[in-house]
Amino acid sequence: MSKSEKNLRGKHGLNIFSMELTYETAYQAAGKVADTIASILLKHQTAALENGERNLASVPEAWVVEKMIDTAFWASLRKEEGNATKISLAFLPPSQAGKPLLFAQPLPLNSKTLSKLAPGVERAGVHVGIWYKGEELYIWGTTIKLPDYCFVLDVSEPALLVVKQRRIIGLGKFMNVAVLRGDQVKVVDENSGLLPDSPPILTSLLGLSSSAVWNDPVNVLIQIAVSMRAHGRGGILLVVSSRHEEWKGSLIHPLQYPVAPAFSGVADLVSSNCNNRNGSSDIFLQNALRREVENVTGLTAVDGATVINDRHQLLTFGAKITRAHNSTRVEQVLLMEPVMDGSPRLIHPSSLGGTRHLSAAQFVHDQRDSLALVASQDGYFTVFSWSDHAGMVQAHRIDVLLL
């Protein structure tokens, strides 16, 4: 044995072979962000306790966060029978999981185990339970029920991890805390939603104005955004006022696919009180709304813009945007992203992604009571709105909140 090998054995109590299989943290981003994430989780739980909320999830220490992120990252790079690992990890003991599926023997938390389990637990709503003994983390089983403020780590695709926390209110009852994509780390800054003229879709996603009502209009708009992003083809959705038709002056006529009368599949579910009228369950109505949302957002994949009004009625799709009569050309937008260390900056709208973003910015510049949602094929998602405070179009890049 060489002198260096002896030194390693004496320092760590391990031989060289063991050193190659045992590491502290190989994914450096995990160590850099663990303390920040742990402190955010603790802050939210402390606030919940002060508000009188009880039966809350345990808050993980930084080393737990680091280990889970590190293991999940390497698992995301593995494949099982040619399929990438997709899995959701939740930090909680079985006693907080309602009626969990328990393994007879705990499994070690490592990338190989996660990639082997992933095919059986990749469906939405299924979480792999993680707990600890001493300084070791282990897998105890699976659950579909989580306590409030539970730390959840989603493996979405290779090298893409999303840190979430289950909240009592809000769409889907989860709020994104951080996104790790390779060596890029973005931690959500909730205070960014406090800036003047922040659109409701942003403040709701940040948990500042969330509603637990499934058919809340803003929640429905978030579902539309998620569905738009999911089809992966890119698209524009314009949300216009139902009180006038001035928005038509920003579209090229004749419209290619006008809808008459306006399609109200989503609108009927949002505005009605179906549950009280016919006894339908919330689950039935939510599934019906999901189908109607997908029906509408599928049309955003058609070249051109899809237009709905603020009552969620579909007016047209495949529409071409033009500069309104007597308007000026939009030259700058204020780009913002709700992440820490993200500063607003002025850019030309075409810098966001080309003609699609430029057209959406021009529409909002001309129709200042409207909203434009733009999905890129590469997964980026931008919300354009007018700011009276700034006197210009704002571009909120919110894909970090939709993952």
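Name the residue that is nearest to Gln184 (Cα to Cα), counting only residues in region 348-364 that are open to solvent by less than 30 Å² (accessible area, probe 1.4 Å) and of a type outside the set (Phe, Trp, Tyr). Ranking the qualifying residues of region 348-364, first place goes to Leu352. Residues that are at pLDDT below 95 and open to solvent by 40 Å² or more (accessible area, probe 1.4 Å) number at least 3 in the following helices (runs of 4 or more DSSP H) confined to region 261-305: 274-278, 282-297. The one condition from (1) over 20 Å from Gly134 (Cα atoms); (2) modelled with pLDDT of 90 or more; (3) in a loop (DSSP other than H, G, I, E, B); (4) not aliphatic (A, V, I, L, M) that Arg54 does not meet is (2). Can you say whether Ser111 is in contact (Cβ under 8 Å) with a residue 12 or more places away in the chain and either touching a Gly at 6+ places or on another chain (Cβ under 7 Å) or small (Gly, Ala, Ser) (or both), as far as the supplied structure shows? Yes, satisfied.
Could you please find all residues in region 217-253 being part of a loop (DSSP other than H, G, I, E, B), touching a residue at least 40 places away in the same chain (Cβ under 8 Å) and either farther than 15 Å from Gln367 by Cβ or not assigned by the TED database to the domain that holds Val302 (or both)? Once the filter is applied, which keeps residues that are part of a loop (DSSP other than H, G, I, E, B), touching a residue at least 40 places away in the same chain (Cβ under 8 Å) and either farther than 15 Å from Gln367 by Cβ or not assigned by the TED database to the domain that holds Val302 (or both), region 217-253 yields His231, Gly232, Arg233, Gly234. What is the one condition in (1) at pLDDT 90 or above; (2) within 22 Å of Lys186 (Cβ to Cβ); (3) open to solvent by less than 70 Å² (accessible area, probe 1.4 Å) that Thr25 does not satisfy? Answer for Thr25: the failing condition is (1). Number of residues in region 310-328 that are part of a loop (DSSP other than H, G, I, E, B), touching a helix residue (DSSP H, G or I) at 6+ places or on another chain (Cβ under 9 Å) and either within 27 Å of Gly391 (Cβ to Cβ) or among the charged types (D, E, K, R) (or both) equals 9. Among residues of region 319-337 that are closer than 28 Å to Gly193 by Cβ, those with a Cβ under 7 angstrom from a residue that is open to solvent by 80 Å² or more (accessible area, probe 1.4 Å), sequence gap 6+ or separate chain, pair up as Gln332/Leu346; Leu334/Leu346; Leu335/Arg345. Can you confirm whether Val330 is closer than 30 Å to Asn295 by Cα and of a type outside the set (S, T, N, Q)? It is false that Val330 is closer than 30 Å to Asn295 by Cα and of a type outside the set (S, T, N, Q). Would you confirm whether or not region 191-206 contains a residue that is open to solvent by 40 Å² or more (accessible area, probe 1.4 Å) and in contact with a Gly (Cβ under 9 Å, 6 or more places away or on another chain)? No, region 191-206 contains no residue that is open to solvent by 40 Å² or more (accessible area, probe 1.4 Å) and in contact with a Gly (Cβ under 9 Å, 6 or more places away or on another chain).
Meeting the requirement of 3 or more residues that are in contact (Cβ under 8 Å) with a residue 40 or more places away in the chain and under 19 Å from the mean Cα position of the chain (by Cα), the strands (runs of 3 or more DSSP E) wholly within region 341-402 are 371-375, 381-387, 392-397.
The values are calculated or read from the model by the stated rules, or taken from the named source; none is laboratory data. On a predicted model such as this, the values are computed, not experimentally measured, just so you know. A quick note on method: Cβ atoms are made from the backbone with ideal geometry, for glycine too, and the neighbour counts reach across all protein chains shown. Each accessible area value is taken on the protein alone, full model and side chains, heavy atoms only, with ligands, DNA and RNA left out. Shrake-Rupley method; radii C 1.70, N 1.55, O 1.52, S 1.80 Å.
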